[in-house]
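Structure record follows, encoded as structure tokens.
The values are calculated or read from the model by the stated rules, or taken from the named source; none is laboratory data. Keep in mind that what you see is a predicted model, and the values were worked out from it rather than measured. Cβ sites come from the backbone with ideal geometry, for glycine too, and all protein chains shown count toward neighbours. For accessibility, only protein heavy atoms count, side chains too; no ligands or nucleic acids. Shrake-Rupley method; radii C 1.70, N 1.55, O 1.52, S 1.80 Å.
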Amino acid sequence: MVGASDRPGTVGYRAYRTLQAGGFQGELIPVNPRRTEVAGVPCVPSVRNLQAAPDLAVICVAATRLATAMADCGRAGVRSALVLSPELADHNDGSRSKGRRVLAAAGNRGIRIIDPAGIGLMRPGAGLNIGLGDFHPRAGGIALVSWSGAVTAAVLDWAEDRGIGFSTVVSLGDAGNVDCGDILDFLSTDGTTRSVLLFVETIGNARRFLSGLRAAARLKPVIVMKAGNRPVPSRNAGSHAAALVGPDEAFAAVVDRAGAVRVPGIGQVFSSAELLASGQRLNGDRIAVIANGAGPARIAADLVDARGLRLAPLPCADDEPAPNLHESPAATNRNPVILPAASGGAGFGAALRSCLNRREVDGALVLLAPRPNSQPLDSAMAVRETAAELRKPVVACWLGGARMRDARQAMTDARFPNFATPEHAVEAMVALSRYRDSQRRLLQVPATGGLPRSPDIDAARQVIGQALHRGQRRLTPMQSKQVLRAFNIPVIPTVVARSGSETAAAAARFDCPVAVKVNSADILHKAAVGGVRLNVIGEDGAAAAYASVLQAVSRHHPPEIVDGVSVEPMHAPRNGREVMLGAVRDPVFGPVLCFGCGGSMVEVIADAAAGLPPLNDFLARDMLRRARVG
């Protein structure tokens, strides 16, 4: 540890004491030219005085001394370094940029560097705790990787209260050359890690991140939370697709395709991690809700429906008793299953057993409210034992405070997923559903090539080249259809007309109702400026539509950007729907496809599912299913 110190308040003092307090059993050598020993351990003046290169150099010096420290490490053969320098995270200090340059130079000399953004690096099972925070997490099977020291601290504090342990904790800054992809590669084959929690702010190397995420998610559950999700202003977007698919939607598509699960908040991170790490898996989305009160049962049922799951069908007449669920005829076999207020362990166990034995039920949510004569602890044990026997996912929600504390603690000690609110309980079940779906996407390997007919690349390039030569920022509808036709994609026949008579002639040629639209590469939202007329009938109607369109558009745009109108037959197939298929190029992850509801209100309706190309039939149908219009 370079910069280890006995002087209280220094980074070297805090880091050295934290590492000692963690119970690290390996060799720890303090390096400080101003000390002969630190905390009773002999000290060396420089890394160059070591007889052998250490496995890891921990740098705890000011930014002004960072260059010397890294140069000494390079000469001593150090290949791995962790830098604990708060100045690197100071956005108002010029030393930050200087420190970044020093670390970049060290990286060029072959040193792998972690800039841990304050909290540090922890391997509780090995007693390794390198950092500046006063956290000593217990050993467990969850790995936490975070870009935020504050979020890492909050998660560790929350986990301590819940009795959750960690295999690894890494708080990553943005000045090192070890990134999230490298960490995920390691965790994918780490035998002590059962699941991974990932808090993301920015992505540096997208290819390495996606590769590491896929590798880890293939072998163990990965739960992702991302900050900085700002919507893209639709009026500044160059297309409907760009207005609907921004950086956040692109990131969600990446997580889905990589086999991981994305959650919206910190509470959901742990509710999802606890359930996924337990090994429970959901084969379908049909959930049974069991409760000792109508209010909690209906709240949970509403949440199940709102979050995309389904209430399992439990057919039963309103007046038909269900003695197999409870000895009282007040219990019925409908879903949600509402038990008598004072139901104890026997009642909850019998109800859960009856539901889980049905083929129509894929999982269960059990809720208990603190009613008179309710038995929270006995009911918790009965639910846990029944769930373990029948091996279908079960989530418990014991609502309340002091009366439920012992029961919830008993379930926590037994590693049985339990929550204090229906929202978190349902979110955990949703995570199981998302994990199943994302794992199916991960296993898809779309073939490339194999088109039934070769596209006419030269024809497409000619259209685009002419548009670029004219200074166009985007293609006109006519040019777009020419490009699509070059790739053998069927399009509606279209004619460009530059006068009323030409418009009438085009309408006569199609001999059916037509659509007349302004033809311009500079007008994206044509209907918004009055540039669209639909279901135009006859030659006279077409000529009138031409004049009407140009007059309306002239109120908003100069005439020089308008090149007549496009005329095309109305396409109204039986049971037809207006849909949109688009593509955007995300600056981090590259091409992203979107599918959703089309028409002039496309951005208001905002119904779009995003996916990464290439697709196969499974992935294409999955995109259709995820859009409401599907």
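Structure summary
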| quantity | calculated |
| --- | --- |
| Sulfur and carbon atoms: percent of accessible area, the chain [1.4 Å] | 51 |
| Partner aspartates and glutamates for LYS392 [C-alpha distance under 13 Å; skip if fewer than 8 residues away on the same chain] | ASP285, GLU360, ASP362 |
| Farthest positive-ward along the chain dipole, Cα basis, beta-carbon charges - from LEU210, PHE135, VAL629 | LEU210 |
| Chymotrypsin sites (Phe, Trp or Tyr not before Pro) restricted to DSSP loop in the range 183-219 with at most 11 other C-beta within 10 Å | none |
| Net charge of neighbours whose Cβ lies under 10 Å from the Cβ of PRO313, counting Lys and Arg as +1 and Asp and Glu as -1 | +3 |
| Whole-angstrom gap from the range 391-454 to the range 150-180, using each part's C-alpha centre | 21 |
| Relative contact order (%) - criterion: Cα under 8 Å, at least six apart; region: the range 1-84 | 30 |
| Using alpha-carbon coordinates, inclination of helix 500-510 to the longest axis of the chain, degrees | 80 |
| Mean-position separation - Cα centroids, the range 10-38 and the range 468-541, in angstrom | 74 |
| Residue-normalised accessible area of the chain, given per residue in Å² at a 1.4 Å probe | 48 |
| Sites THR68 and GLN409 - FRET efficiency at Förster radius 45 Å, r taken between beta-carbons, to 0.05 | 0.30 |
| Ellipticity estimate at 222 nm from DSSP helix runs (n ≥ 4, -39,500 (n - 2.57)) divided over the chain, nearest 500 | -11500 deg cm²/dmol |
| Within straight-line cross-link reach of LYS220, aspartates and glutamates at Cα separation under 14 Å, skipping those fewer than 8 residues along the same chain | ASP185, ASP190, GLU274 |
| Whether the range 501-610 is rounded, prolate or oblate, judged on the alpha carbon gyration tensor where a/c under 1.5 counts as rounded | oblate |
| Option label - Cα extents along the principal axes in Å computed here, alternatives [x] 121, 50, 43; [y] 99, 78, 45; [z] 101, 70, 42 | [y] |
| Inter-part distance where the range 61-87 and the range 549-583 are each reduced to a Cα centre, Å | 62 |
| Within the chain: Cβ-based charge dipole about Cα centre, in debye rounded to nearest 20 (Lys, Arg +1; Asp, Glu -1) | 1100 |
| Charge dipole (debye, nearest 20) of the range 379-477; +1 at Cβ of Lys and Arg, -1 at Cβ of Asp and Glu | 340 |
| Relative contact order (%) - the range 389-429, alpha-carbon pairs under 8 angstrom, separation at least six | 47 |
| Nearest 10 degrees, 0 to 90: helix 477-486 Cα axis against the chain principal axis | 70 |
| Contour minus Cα-Cα distance for ARG79 and HIS557 (0.36 nm per residue) | 165.8 nm |
| Residue-level accessible surface for PHE487, protein heavy atoms, 1.4 Å, Å² | 90 |
| Dipole of the chain [Lys/Arg +1, Asp/Glu -1 at C-beta], most positive-end residue of ALA154, VAL579, LEU475 | LEU475 |
| Counting DSSP beta bridges with both ends in the chain, the antiparallel % (nearest 5) | 40 |
| Using alpha-carbon coordinates, inclination of helix 376-390 to the longest axis of the chain, degrees | 70 |
| 15 Å Cα-Cα reach of LYS517 towards aspartates and glutamates, excluding residues that sit fewer than 8 places from it in its own chain | GLU502, ASP563, GLU568 |
| Area accessible to solvent at SER548, 1.4 Å probe radius, in Å² | 40 |
| Normalised contact order of the range 410-497, rounded percent, pairs of Cα under 8 Å and 6 or more residues apart | 21 |
